[in-house]
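Q: Below is a structure I'd like to ask you about.
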Amino acid sequence: MFQRLRTLRTAGPAPSFRALLGLMTIGLGLLAVSTRNALALTTITGTVGASGKYLVTGAPVTTTAATVLKLSFENRTSGTNLELCAGTAADFAAGTCSIRLSDSGGPGFVFLTITDTSQLSGKIIFVQRAVGITPSTFALTIE
């Protein structure tokens with residue numbers, strides 16, 4: 001009366017707990033590596049107004065170990081040039097760029113500076129306008 005229509009095949013043995021645990025560990029490791037890089041970067045945007053200066057750090061940079069900073073600097077306003085500077089509070093007040101970390105080009109140009117933090121120790125970081133009079137927007141990315 002009853003006839004067998006089809007034979008079921010098994011897909012093979014189920015993955016072991018150990019294999020699943022290994023795959024999960026690798027996946028979490030890859031996620032941690034990509035997350036670590038994403039968290040290590042800060043972008044500051046601002047506008048250099050009528051004063052011609054913009055204070056980036058409110059306190060002098062302090063370092064405990066020599067490390068490298070990667071700074072990407074971009075002027076987003078045409079007709080102006082900006083300087084990324086490090087110096088003392090007196091340098092900022094006077095508009096003197098004692099350590100020029102980067103200059104800007106026109107919009108769309110991003111300039112990379114790689115510097116040792118020991119050169120910045122005890123200095124404040126600021127942006128000042130070198131050319132032009134209009135308010136100038138910039139982006140500074142620190143990694």
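Every read-out reported here was derived from the displayed coordinates using simple, explicitly stated rules and does not represent laboratory data. Nothing here was measured: the structure is a model prediction, and the numbers come from that model. A quick note on method: Cβ atoms are made from the backbone with ideal geometry, for glycine too, and the neighbour counts reach across all protein chains shown.
Q: Give me LYS70, LYS123, LYS53 sorted ascending by neighbouring Cβ count inside 10 Å, so fewest comes first.
A: LYS70, LYS53, LYS123
Q: Can I ask one more? Ranked by Cβ crowding within 10 angstrom, fewest neighbours first, how are ARG100, ARG76 ordered?
A: ARG100, ARG76
Q: Another question, if that's okay. How much length is gained if the chain between ILE44 and ALA139 is pulled fully straight, taking 0.36 nm per residue apart and subtracting their Cα-Cα distance, in nm to one decimal?
A: Net length gain for the segment: 33.6 nm.
Q: Sorting VAL61, VAL127, VAL48 on the 10 Å Cβ count, fewest up front, what's the list?
A: VAL61, VAL48, VAL127
Q: With the Cα gyration tensor of the range 42-142 giving a ≥ b ≥ c as the square roots of its eigenvalues, does the rule (a/c under 1.5 for rounded; else a/b larger than b/c for prolate; else oblate) give rounded, prolate or oblate?
A: oblate
Q: Something else: Between ALA65 and ALA89, what length comes free when the chain is fully extended (0.36 nm per residue of separation minus the Cα-Cα distance, one decimal in nm)?
A: Full extension of this stretch gives 6.3 nm more.
Q: Determine the dipole magnitude for the range 42-142: charges of +1 sit on the beta-carbon of Lys and Arg, -1 on that of Asp and Glu, nothing else is charged, the reference point is the Cα centre, and the result goes in debye to the nearest 20.
A: 100 debye
Q: Is the range 61-108 best put as rounded, prolate or oblate by its Cα gyration tensor, with a ≥ b ≥ c the root eigenvalues, rounded for a/c under 1.5, and otherwise prolate when a/b is larger than b/c, oblate when not?
A: oblate
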